[in-house]
Amino acid sequence: MGHLPQVRVKPSKPFTNSGVDYSGPFYIKQGGISSKTLVKCYVALFICLATKAIHVELVTDLSTEAYIASLRLLLLGEDCVRTFIVTMVQTLLVLRKN
């Protein structure tokens with residue numbers, strides 16, 4: 001079995017070393033219970049590499065502005081974030097070209 005990276009085994013505060021990934025798209029109803037308006041959204045998953053805790057944020061689209069807004073919400077609750085590992089680099093590059 002291979003060795004785990006130091007950020008995964010070293011004791012630290014939650015979300016000091018984090019990963020981020022997106023899932024979706026999902027369609028949610030906007031308005032009320034009887035609303036028929038469907039809106040496309042995505043879920044930003046922030047994963048603590050040491051404890052595997054997750055922080056979930058609903059994101060309106062795959063834009064840079066939406067990502068930064070969800071990141072700010074994470075940073076409001078967790079003030080000790082130092083390292084991010086992004087697993088969706090190829091997806092972001094393709095979206096950037098479009």
With the condition being modelled with pLDDT of 80 or more and within 26 Å of Arg8 (Cβ to Cβ), I'd like the strands (runs of 3 or more DSSP E) fully within segment 18-98 carrying at least 1 qualifying residues.
38-48, 54-59
Looking only at segment 1-17, count how many residues are at pLDDT below 80 and in contact with a helix residue (DSSP H, G or I) (Cβ under 8 Å, 6 or more places away or on another chain).
0
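So that you can scan it fast, the table gives a plain yes or no per residue for (1) of a type outside the set (Ser, Thr, Tyr); (2) out of contact with any Leu (no Cβ under 7 Å at 6 or more places or on another chain):
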residue: Val9; (1), (2): yes, yes
residue: Gln30; (1), (2): yes, yes
residue: Leu38; (1), (2): yes, yes
residue: Leu45; (1), (2): yes, yes
residue: Thr51; (1), (2): no, yes
residue: Glu57; (1), (2): yes, no
residue: Leu62; (1), (2): yes, no
residue: Ala69; (1), (2): yes, yes
residue: Leu76; (1), (2): yes, yes
Restricting attention to segment 1-8, does a residue exist that is surrounded by 13 or more Cβ atoms within 10 Å (Cβ to Cβ), in a helix (DSSP H, G or I) and out of contact with any Asp or Glu (no Cβ under 7 Å at 6 or more places or on another chain)?
yes
Select from segment 24-61 the residues that are surrounded by 14 or more Cβ atoms within 10 Å (Cβ to Cβ) and of a type in the set (Phe, Trp, Tyr) and write down the one among them that is nearest to Leu71 (Cα to Cα).
Phe46
Test Arg82 against the stated conditions and say whether it is basic (Lys, Arg), in contact with a strand residue (DSSP E or B) (Cβ under 7 Å, 6 or more places away or on another chain) and surrounded by 11 or more Cβ atoms within 10 Å (Cβ to Cβ).
yes
How many residues, within segment 1-23, are without any contact (Cβ under 8 Å) to a residue 24 or more places away in the chain and either in contact with a strand residue (DSSP E or B) (Cβ under 6 Å, 6 or more places away or on another chain) or under 23 Å from Thr64 (Cα atoms) (or both)?
1
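The values are calculated or read from the model by the stated rules, or taken from the named source; none is laboratory data. Please read all numbers here as calculations on a predicted model, not as lab measurements. Positions of Cβ are generated from backbone atoms using ideal geometry, with glycine treated the same way; all protein chains shown enter the neighbour counts.
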